[in-house]
Amino acid sequence: MSKEDLQQKIRRQMQADFRSDPREAIERFGLTTTVQRGVVRTVVAAGVILAGFLIWAAIHH
């Protein structure tokens with residue numbers, strides 16, 4: 001089995017695991033901190049956009 005075949009097999013198994021139970025797969029593959037960072041970044045970005053909108057609305061009102 002070549003390295004490429006092995007990577008494809010691992011990728012297919014990961015995708016199947018994520019489809020069956022995403023939370024368990026996230027924990028099993030050690031992606032918890034990555035997902036948490038992504039959630040934090042999304043919340044911060046949404047907060048910045050909301051704050052910008054509120055400042056803009058206050059200035060233009």
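Listed by position, the helices (runs of 4 or more DSSP H) contained in the chain that have at least 2 residues being at pLDDT below 80 are 3-20, 22-28. Selection of first residues in segment 1-26 that are open to solvent by less than 100 Å² (accessible area, probe 1.4 Å) and of second residues that are polar (S, T, N, Q) and in a helix (DSSP H, G or I), restricted to Cβ pairs under 8 Å at least 6 apart or on distinct chains, gives the following pairs, ordered by first then second residue: Ile26/Thr32.
The values are calculated or read from the model by the stated rules, or taken from the named source; none is laboratory data. Small disclaimer: the values here were computed from a predicted structure and weren't measured. Glycine gets a Cβ as well: all are built from the backbone with ideal geometry, and neighbour counts include every protein chain shown. Accessible surface areas use protein heavy atoms only, side chains included; no ligands, DNA or RNA. Shrake-Rupley method; radii C 1.70, N 1.55, O 1.52, S 1.80 Å.
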